[in-house]
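All of the numbers you see were taken from the coordinates with simple rules; none came from a lab. Note that this is a predicted model, so its numbers are computed, not measured. In this analysis, Cβ positions are derived from the backbone assuming ideal geometry, glycine residues included, and neighbour counts consider all displayed protein chains.
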Amino acid sequence: MSNTPHELAAEFPAYVAQMRHLKETDGHFARLYDRYHEVNRKVHRAETNIEPLDDMTVIELRKQRMQLKDEIYGMLARHEPEAEALEAN
């Protein structure tokens, strides 16, 4: 198992600028973004034995991280700049 942190910028490199924009303009996105990083840090710290957790807790945290990532991606896909530019025309 990889102990590489799953940072959103690495997961969605094409959306870095959009994530920055949504964090500043969309409170719901900002909360999801912060929650994702909180859960991701817990998973990473558990996987690297900095703060060990029992297996079931780590599994639940990974599920939470995946759900948050899916919701974040859904928001990014709905707010793609090209789609917004086409709607404006």
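Brief remarks follow.
- Charge context of E11, other residues only, Cβ under 12 angstrom, K/R +1, D/E -1: 0
- Calculated mean residue ellipticity at 222 nm for the chain: -24000 deg cm²/dmol, from DSSP H runs with n ≥ 4 weighted as -39500 (n - 2.57), summed, divided by the residue count and rounded to 500.
- Counting only Cβ charges, +1 for Lys and Arg and -1 for Asp and Glu, the dipole size of the chain around its Cα centre is about 220 debye.
- When all alpha carbon pairs of the chain are counted in 10 Å bins from zero, the resulting P(r) reads 16, 45, 25, 11, 3, 0 %.
- The slack between E71 and A30, meaning 0.36 nm per residue of separation minus the straight C-alpha distance, is 13.6 nm.
- Contour minus Cα-Cα distance for R41 and L53 (0.36 nm per residue): 3.1 nm
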